[in-house]
Amino acid sequence: MAKKLPKVDVVIVGVGWAGGIIAAELTKQGLNCVGLERGKERKTEDYFMVHDELRYALRYDLMQNLSKETITFRGNEKLRALPMRQYGSFILGDGLGGSGVHWNGQTYRFLPYDFEIRSKTIERYGEKKIPADMTIQDWGITYDELEPYFDKFEKMAGISGEENPLAGKRSSPYPTPPMKTTPALEKFKKAAINLKLHPYNRPSANLSEAYTNPDGVARAACQYCAYCERFGCEYGAKADPVVTVIPVAKKTGKFEIRTHSNVRRVLKSGNKATGVMYVDTTTGEEIEQPADIVVLTSYVFNNVRLLLQSGIGRPYDPTTGAGVIGKNYAYQVQKGNATGFFEKEEFNTFAGAGALGMTVDDFNGDNFDHSNLNFIHGGSIAISQTGLRPISNNKVPKGTPTWGKEFKANSVKYANRVLSVGGQGASMPFKHHYLDLDPTYKDEFGDPLIRITYDFEEQDRQLAKYLSDRCKEIMKEMGADHIDTMEELGPYDITTYQSTHNTGGIIMGADPNTSAVNNYSQMWEAENVFVVGASAFAHNSGYNPTGTVGALSYRAAEGILSYKQKGGILA
Amino acid sequence: MAENSKQQEKNESLSRRKFLKSSGIAVGGLAVGGALGRLLPFKDKTNTDKLDVKNPRVAETYTQALMYFSQQQFKMVEAATERIFPADDNGPGAKDLGVAYFIDHQLSGDWGFNSREYMQPPFFKGEKVQGYQGRLNRREIFDIGLRELQNHSLTKYKKNFVELSEEEQNDILTDFAENKVNITTISPSGFFNMLRSSTLEGAYSDPLYSGNRNMDGWKMRNYPGSQMTYTQVIDKEFTVIPPKSLKDHLGQ
């Protein structure tokens, strides 16, 4: 028998960005919250030895231990899904702050087009533009409705940036000015302007200057040390839940964080949740935490897995398209890019910051005409200066052997002579891309792993090639002596890193028949369960997801407060 | 080049104390996180590491001993990784960088046992895009891979791998890289790729791990290693900065 604890107002499952934001907002209003975090405590002091590429980037020190739990994957339903035994395509966060600790800090807002993608696509191109099995749908909220929440997230995190001429309207400027511009970024900017594109400094959660946010949290400026993605920030300059929202929640005295607490089930009675059951992983003890409201804020995969294991919500059925839990899994099309080799110039590309970059959105969303193109949406195109660490960055011109004399000579020669321009392509959902429980493989408790069924489609191949060609044009204008580009996308491959931008599975919408949550991230079928995060994305855009996750989290927090007072379905 | 050395001087003069001042972090007791705060006691020791260039710390050589490989395996790894990353005009190759020690030491820990990876059965052969699906851990793969490397050398050239000429060693390794060796237990190219990626890791990881000896891997490509800050150079033309390691960061 599980030990049963006293009831609390709200139990939060997973304390990363979404969980941290919700904890801060709810505790400020006096609600008692418990945050259950399966990983360990994290603090800035942990990153004293963080400039260690081997430990953090290649041995995944901050990531989920796959020996305890992983995912399974197959390209289509005819294949047997097999476990992701080692990291590759994406990396799963673990511990307090979650992926918010090891992200790069690139903080975009999804486009107005994204939130009304189906209506707007039909409006401009007609219904025939959408392939029969492409399951795009509107999100049940507009950009304008979400704008105040984007604004709130950006002010909390202190995002450094400048106006993007092709994005949705902003109610106020970025709280801090853009980051420094480097010679490499200048090159991109000039080239983009020559090509009549609209470059802007990428919005960054690595602070351009010291900043105190509306909660009174003060943080120092970024030092461009080049260790962001896969690393924690030794300065607290990169916005992360541990140095922003979590201390605010803790200060109220109403937020109790329990680390090493791995939630296995959401408990329910009728159409409502009654709390959660978790395991204290230090003792193995099963514990029941009753609560009035259950908020799931773990990563996409575990949000879905918890609901399926707990029998909450109707599981998605890919043959009929009925059901919602696990529906519209989407990812990203990252491989459309161009690598330029410069014979006469070297760059300080050993230096950088996770979000240091310059972006154009001329080929993102519906900012360009798709009438004669065999895909919808697009992607942001950017040059990034995140810091080229030496183990992982040994680019050599195509045709160079991958080892031996010539490889070594070229990899050393070009170590500081390579610039890349990359497309971050949007990912559209399809009827046969989904998440469900694996029938064979289990986690450390014997619970089934989540199974991904996903592959690239013609939409993705066309989009990747299109972005690749645009990247090449920019790189040519930048004056590279030799340019390598992606020629063909190929199948989705889980072994090579692309992005940790997995989305969907518990999508947001206006119709309970086709969506799992409403625009407050409240479950249609269990009104006291809120599922917050990128799992709510009905498709994935051509941007990094965190800005939009942040906005949805602030909106969800508002919804939870109002639900606590009035009850019932909020939208 | 004159410009570079001038820039070097400038960078070296950017002591930790100065850095703290110029970045405005030490001002006013701003609560900006303890990783930095921990540096303060070390602030006066920052320039002692200049000595290291001419006089490498003796203690480093104590790590040049074996935790896993047999002597024969070690020699083979030394020879094979040197072919993957040979000494040339740019600087030392894998052997002089200590790559074989690096791999040996890595195999003795988590990485060698795949202990942070999912190794539960059942094991099925999958699609290439599904990634490694074998039951063997890296230690076992290295044992088998090295044994087969030796067998292939004996079959093809009637000599041990380490006794082959460079060209012959390259030829043997190419057969592995291109799956032209008939082995049933492991994938020859899988083993070769592991050897290749761990060679780069050994050449370029922090010297803390026994490779990248004297930071020579970094020096070869003007990589500055672990630096506190790049705010002074981030918007400038290419700058050569003498490398620092995590040991320097610790200030001991």
Revision key, fill the gap. If you go through A:G140, A:G35, A:G30, the only one that is part of a strand (DSSP E or B) and more than 11 Å from chain B (Cβ to nearest Cβ) is A:G35
Check your understanding: What about A:I117, is it within 14 Å of chain B (Cβ to nearest Cβ) and under 29 Å from A:G161 (Cα atoms)?
Key -> no
Practice item. Could you grab me the full set of residues in the range A:395-419 that are within 22 Å of A:K187 (Cβ to Cβ), in contact with a Ser or Thr (Cβ under 7 Å, 6 or more places away or on another chain) and within 9 Å of chain B (Cβ to nearest Cβ)? Key: A:N416
**Study point:** Among the candidates A:A526, A:A534, residue that is of a type in the set (G, A, S), surrounded by fewer than 23 Cβ atoms within 10 Å (Cβ to Cβ) and within 29 Å of A:G270 (Cα to Cα)
**Key:** A:A526
Revision key, fill the gap. Across (1) in the same structural domain as B:I241 (by TED's automatic domain parsing); (2) surrounded by fewer than 23 Cβ atoms within 10 Å (Cβ to Cβ); (3) not charged (D, E, K, R), B:Y230 clears everything bar (2)
Exercise for review: Look through the range A:74-114, keep the residues that are within 14 Å of chain B (Cβ to nearest Cβ) and among the hydroxyl-bearing types (S, T, Y), and return whichever of them is farthest from the chain's Cα centre (by Cα).
Suggested key: A:Y87
Review point. Do we have any residue at all in the range B:62-80 that's modelled with pLDDT of 95 or more, within 14 Å of another protein chain (Cβ to nearest Cβ) and part of a helix (DSSP H, G or I)?
Key: yes
Review point. Is it the case that the range A:68-80 has a residue that's within 30 Å of A:E444 (Cα to Cα), in a helix (DSSP H, G or I) and not polar (S, T, N, Q)?
Key: no
Check your understanding: Restricted to the range A:215-260, and to residues that are surrounded by fewer than 24 Cβ atoms within 10 Å (Cβ to Cβ) and assigned to a strand (DSSP E or B), which residue is nearest to the other protein chains (Cβ to nearest Cβ)?
Key -> A:A218
Exercise for review: Of all residues in the range B:201-252, count the ones that are assigned to a loop (DSSP other than H, G, I, E, B) and among the hydrophobic types (A, V, I, L, M, F, W, C).
Suggested key: 6
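Listed here are the residues, each with its yes/no results for (1) assigned to a helix (DSSP H, G or I); (2) over 30 Å from A:A249 (Cα atoms); (3) modelled with pLDDT under 95; (4) in contact with a Ser or Thr (Cβ under 8 Å, 6 or more places away or on another chain).
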{"site": "A:Y87", "(1), (2), (3), (4)": "no, yes, no, no"}
{"site": "A:V101", "(1), (2), (3), (4)": "yes, no, no, no"}
{"site": "A:R109", "(1), (2), (3), (4)": "no, no, no, yes"}
{"site": "A:P131", "(1), (2), (3), (4)": "no, yes, no, no"}
{"site": "A:E147", "(1), (2), (3), (4)": "yes, no, no, yes"}
Practice item. Please give the number of the condition A:R124 fails out of (1) touching a Ser or Thr at 6+ places or on another chain (Cβ under 9 Å); (2) among the charged types (D, E, K, R); (3) in a loop (DSSP other than H, G, I, E, B). Key: (3)
Exercise for review: For the range A:38-65, enumerate the residues that are touching a Lys or Arg at 6+ places or on another chain (Cβ under 6 Å) and facing chain B (nearest Cβ under 8 Å).
Suggested key: A:F48, A:E53, A:N65
Exercise for review: Could you tell me which numbered condition B:T155 fails, if it satisfies all but one of (1) crowded, with 18+ Cβ neighbours inside 10 Å; (2) farther than 24 Å from A:A237 by Cβ?
Suggested key: (1)
Check your understanding: When you go through A:G236, A:G253 one by one, which is the residue that is within 22 Å of the chain's Cα centre (by Cα) and on the phi > 0 side of the Ramachandran plot?
Key -> A:G236
Exercise for review: Residue by residue through the range B:93-117, note down the ones that are in a loop (DSSP other than H, G, I, E, B) and within 12 Å of chain A (Cβ to nearest Cβ).
Suggested key: B:G93, B:G109, B:N114, B:S115, B:R116, B:E117
Point to revise | Residue that is surrounded by the fewest Cβ atoms within 10 Å (Cβ to Cβ), among those in the range A:395-418 that are free of Cβ contacts under 8 Å to residues at least 40 places away in the same chain and in a loop (DSSP other than H, G, I, E, B) | key: A:G399
Exercise for review: Report yes if A:S392 is of a type in the set (S, T, Y), within 14 Å of another protein chain (Cβ to nearest Cβ), surrounded by fewer than 19 Cβ atoms within 10 Å (Cβ to Cβ) and outside any strand (DSSP E or B), otherwise no.
Suggested key: yes
Review point. Of these, B:T174, B:T185, which one is surrounded by fewer than 19 Cβ atoms within 10 Å (Cβ to Cβ), within 11 Å of another protein chain (Cβ to nearest Cβ) and over 30 Å from A:K180 (Cβ atoms)?
Key: B:T174
Review point. Do any strands (runs of 3 or more DSSP E) entirely within the range A:454-543 hold 1 or more residues that are under 30 Å from A:A273 (Cβ atoms), among the charged types (D, E, K, R) and in contact with a Gly (Cβ under 9 Å, 6 or more places away or on another chain), and if so, which?
Key: A:526-531
Practice item. Test A:A23 against the criterion of being more than 30 Å from B:Y230 (Cα to Cα), in contact with a Lys or Arg (Cβ under 9 Å, 6 or more places away or on another chain) and away from every other protein chain (no Cβ under 12 Å), and give yes or no. Key: yes
**Study point:** Meets criteria (more than 25 Å from B:N90 (Cβ to Cβ), without any contact (Cβ under 8 Å) to a residue 60 or more places away in the chain and either in a loop (DSSP other than H, G, I, E, B) or not assigned by TED's automatic domain parsing to the domain that holds B:N114 (or both)) for B:K156
**Key:** no
Review point. Quick check: is even one residue across the range B:138-145 free of Cβ contacts under 8 Å to residues at least 60 places away in the same chain, crowded, with 17+ Cβ neighbours inside 10 Å, assigned to a loop (DSSP other than H, G, I, E, B) and within 11 Å of chain A (Cβ to nearest Cβ)?
Key: no
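The values are calculated or read from the model by the stated rules, or taken from the named source; none is laboratory data. Note that the structure is a prediction, hence the values are computed from the model and not measured. Here Cβ is always computed from backbone atoms with ideal geometry, including for glycine, and neighbour counts include all displayed protein chains.
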